[in-house]
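Asks: Sending over a structure as structure tokens; questions will come in a sec.
The values are calculated or read from the model by the stated rules, or taken from the named source; none is laboratory data. Predicted, not measured: the structure shown is a model, and the values here were computed from it. Backbone-built Cβ (ideal geometry, glycine too); neighbour counts: all protein chains shown. Keep in mind that these areas ignore ligands, DNA and RNA; they rest on the heavy atoms of the full protein, side chains included. Shrake-Rupley method; radii C 1.70, N 1.55, O 1.52, S 1.80 Å.
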Amino acid sequence: MRVSAVSLDRQVPLRPSIAPAPVIPVDTAALVRRALRRTSRRLVAALPRSARHALIRRQLAIPAALPKGLRFKVAETREELEAAFALLHDAYVEQRFIEPQPSGLYLTPQHALPSTSTLIAVLDGQVVGTVTLVRSNPLGLSLEKAFDLGGLKQNGARIAEVSSLAIHRDVRRDFGGAIFFPLTCFLFRYSVHYFGLDYYVIVVYPQHADFYESIFCFDPLGDEIVEDYLGAPAAAFSLDLKAVPVKFAARYGGLPPERNAYEAFVERPYSEFEFPDRRYAKISDPVMTPELLDYFFNKRSNLFSTLDTRQRQALAFCYRRPEYDGVLPPIDETVPPVVPGEERYDVRFKGQLRTGDRGRRVPMSVVDVSRFGFKARPRSGVHVGQELVAMMAVGDFALAELRAVPLWADEDGTYGFRVLDASESWSKFVDYLATDLHKKPAV
């Protein structure tokens, strides 16, 4: 809904020599609607938690059909990214989250990472909605500065912060629900099937907590409310994505289509959804080429120049090719690197380890790879220093065989492996990931 400021004239005596001030029209209907909303919110807030949530769910209105010309995708061109960042800027200025920026764009250091995806809703060629997924990364998640994620990370879960959500003001009144709800459905399906996630984490105003708990089944991330998070009180929530189908089925099963979020999220086919093409088992859609990084973070904004030493090192860790040298902010060479090592790529696929002990096979989940190593979580029975044979399903009908040895193990069950020898399919797989990261700009 578009909200406009309203001013009321005070009745003050005017000297005859002074012209009267112009009359500012008052939108009485808007004032009444605003007053009713405030009263309604206060009444709902006074109800018991279960009653509040039930009342919110009864107001759910899922569109039966979407507007013609609407589609949902990952932003990949300069024009799409710029439109998304401009939409965020205007929405945040309107809500007084930020002051207007000279660039007219809102973006964060995390937007520069190859493990971040900006999703957009496009209506008749115009970006009308956007949301950003920031997976755990060397820069960290923004909310980790104020909230502890240690409980979610204990079992090596892959986490992403959902942020930068905005709907264009010109479509909120007519198409707001028809943009927002399918955008969240696209976000969920992309997160689970393409982005390799286990959990969402979000930060919201405390007064909005009931909406995310009642509609989307988010759980509070502790009982803490941070009084000053970017200038306002905030609470953090998490969502176990593996549990969404079960929770949604229990909460919405049997309801009519306009209120059945389970059917909309899990079962309904959407011809409007454009998912990435997956040749291999990757979970990132990197789009920030050297040209795009330079354009958004050096020319349109000065964000790179504001990064501290640790942030600059973390960014350099993600982009290690010579073509990035003149684009990324310079690093103090006298400071030891925080994250040394070779270029790594986030993945998520299954494999097996053969221990040599009577041909015993141990299932594992591979979570990231490099040219000469990988990280994986074996189910059991693996020891540091033990030479093993690994079989990996790196893509559809693509198997890689490796000889590898685990060099270290974390408390969460993650092992770091060094590749001793590998089949040609492994080299092709890593070459694909490297090419994908450093591909030319999309147009």
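Asks: On the basis of being in contact with an Asp or Glu (Cβ under 9 Å, 6 or more places away or on another chain) and in contact (Cβ under 8 Å) with a residue 12 or more places away in the chain, does PHE85 make the cut?
Replies: no
Asks: Moving to a separate point now. What is the residue count in region 408-439 for residues that are exposed (fewer than 14 other Cβ atoms within 10 Å of the Cβ) and under 28 Å from the mean Cα position of the chain (by Cα)?
Replies: Looking only at that region, the number is 6.
Asks: A follow-up question, please. Tally time: how many residues in region 234-257 are touching a Pro at 6+ places or on another chain (Cβ under 8 Å) and either closer than 14 Å to SER214 by Cβ or open to solvent by 50 Å² or more (accessible area, probe 1.4 Å) (or both)?
Replies: 1
Asks: The conditions are (1) touching a Lys or Arg at 6+ places or on another chain (Cβ under 7 Å); (2) closer than 21 Å to ALA243 by Cα; (3) open to solvent by 20 Å² or more (accessible area, probe 1.4 Å), and CYS217 fails exactly one of them. Which is it?
Replies: Every condition holds for CYS217 apart from (3).
Asks: From PRO233, PRO276, grab the single residue that is modelled with pLDDT under 95 and part of a strand (DSSP E or B).
Replies: So the residue among PRO233, PRO276 that is modelled with pLDDT under 95 and part of a strand (DSSP E or B) is PRO233.
Asks: Any residue in region 197-212 that's more than 18 Å from VAL134 (Cβ to Cβ) and open to solvent by 50 Å² or more (accessible area, probe 1.4 Å): show its pairings with residues that are at pLDDT 90 or above and not basic (Lys, Arg) at Cβ separation under 9 Å, as long as the two are six or more apart or on different chains.
Replies: TYR205/ALA234; TYR205/ALA235; HIS208/ALA235; PHE211/VAL204
Asks: All but one of (1) open to solvent by less than 10 Å² (accessible area, probe 1.4 Å); (2) farther than 23 Å from ALA91 by Cβ hold for LEU183, so report the exception by its number.
Replies: Among (1) open to solvent by less than 10 Å² (accessible area, probe 1.4 Å); (2) farther than 23 Å from ALA91 by Cβ, LEU183 violates only (2).
Asks: Still on this structure: So which of PRO63, PRO102 is open to solvent by 20 Å² or more (accessible area, probe 1.4 Å) and either more than 29 Å from LEU255 (Cα to Cα) or assigned to a strand (DSSP E or B) (or both)?
Replies: Among PRO63, PRO102, only PRO102 is open to solvent by 20 Å² or more (accessible area, probe 1.4 Å) and either more than 29 Å from LEU255 (Cα to Cα) or assigned to a strand (DSSP E or B) (or both).
Asks: Would it be correct to say that VAL394 is in contact with a Phe, Trp or Tyr (Cβ under 7 Å, 6 or more places away or on another chain), of a type in the set (A, V, I, L, M), in contact (Cβ under 8 Å) with a residue 40 or more places away in the chain and open to solvent by less than 60 Å² (accessible area, probe 1.4 Å)?
Replies: Considered against the rule, which asks whether it is in contact with a Phe, Trp or Tyr (Cβ under 7 Å, 6 or more places away or on another chain), of a type in the set (A, V, I, L, M), in contact (Cβ under 8 Å) with a residue 40 or more places away in the chain and open to solvent by less than 60 Å² (accessible area, probe 1.4 Å), VAL394 comes out as yes.
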